[in-house]
Amino acid sequence: MSLSQPINLGAWIEENQHLLRPPVGNKTLVVGDDYIVQVVGGPNARTDYHVDPYEEWFHQIRGSMHVNVIDEDGSPRRIDIRAGETWLLPRGVPHSPQRPEAGSVGLVVERIREEGLLEKFQWYCPDCAALVHETELQVRDIVKDLPPVFSAFYADEAARTCPKCGTVHPGRG
C-alpha cells in the first residue's frame, strides 16, 4: 500500500453525514492491507449478533451507542460506549452494535477477512436468550452480502422459532 494523505475526520464526517443514516448507516473511511476503518452513524436497531473471527475496535465520536454481547457463560450483557470512549471487542464474541441516537457517529476498525474465512450471524430468543438461528458465510462486502442473509431469516418463521421455548423471534428491529 502506498502512503496516503492524512484525513480531516471532522470534515469527512460532515461531507458524508448524509450516508451515515439508515438503512446502511456505514461508510468506509479507509481500506488498508490489514485493516478497514468504517464510520457508522445512528440510528439503527439490529436484532442479529455478529461473530467476528478477529477483534473489533469501537470508538464513539458523537452521541452514544451500546453493544449487546453474549458473554462466556451464554448470558446477554450490554456494554455502553459514550462520546469520547473506546472499546476493544475480543474475537469470537457474539455482538450486536446498537446506535439508537440519531446523529451519533462512531469509528469501527476491523481486520480485513482473508479469502475463505467465514464469520457468523446469529439471532437469540428475546424471551429465554437461547440461540434461535445461525448462518455462516464469507463476507466480502457488507452492503451486498448481508441483506439477502437477513431477508431470508426475516421471511422464515421456522428459522425464527426458538427451539427451547417456542417464541417466534420478531425478525427486524
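Values quoted throughout were computed directly from the atomic coordinates according to the rules given, and no laboratory measurement underlies them. It should be emphasised that the depicted structure is a prediction, and the values quoted were computed from it without experimental measurement. Glycine also receives a Cβ, built like all others from the backbone with ideal geometry; neighbour counts cover every protein chain displayed.
Could you give the length gained by full extension between T161 and A83, i.e. 0.36 nm per residue of separation minus their alpha carbon distance, to one decimal place?
Values: separation 78, 0.36 × 78 = 28.08 nm, distance 3.68 nm.
Extra length from T161 to A83 when fully extended: 24.4 nm.
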(message) I'd like to know which of G10, F121, A102 lies farthest towards the positive end of the charge dipole of the chain, counting +1 on Cβ of Lys and Arg and -1 on Cβ of Asp and Glu.
(response) A102
(request) Search the structure for amide H atoms under 5 Å from the amide H of I81, placed 1.01 Å from N in the peptide plane, and list their residues when 5 or more places away or on another chain. (result) M65, H66, V67
(request) Taking all pairs of distinct Cα atoms, average 1/r, flip it, and tell me the Kirkwood hydrodynamic radius of the range 9-155 in Å to one decimal place. (result) 15.8 Å
(request) Take every Cα pair under 8 Å in the chain that's 6+ residues apart, average their separations, divide by the length, and report that relative contact order as a whole percent. (result) 21 percent
(request) Quickly work out the A102-to-V168 label distance, labels modelled 7 Å from Cα along the C-beta direction, and quote it in nm with one decimal. (result) 3.1 nm
(request) Run the quick spin-label model on Q17 and L118: label points 7 Å from Cα toward the beta carbon, then report their separation in nm to one decimal. (result) 4.3 nm
(request) Loop only per DSSP, at most 11 neighbouring Cβ atoms within 10 Å: give me the GluC sites (Glu not before Pro) in the range 31-81, ordered by residue number. (result) E72
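With +1 on each Lys and Arg Cβ and -1 on each Asp and Glu Cβ, how big is the dipole of the chain about its Cα centre, in debye rounded to the nearest 20?
On the way: 17 positive and 25 negative charges, 107 e Å.
Approximately 520 debye in magnitude.
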(request) Would you please state which residues of the range 51-95 a label at L9 would reach in this model, taking the label point 7 Å out along Cα→Cβ and a backbone N cut-off of under 18 Å? (result) 56-66, 81-89
(request) Compute the separation of the alpha-carbon centres of the range 1-79 and the range 117-136 and state it in Å as a whole number. (result) 20 Å
(request) Identify all lysines with a Cα-Cα distance to K164 below 22 Å; exclude those on the same chain that are fewer than 8 residues away in sequence. (result) K120
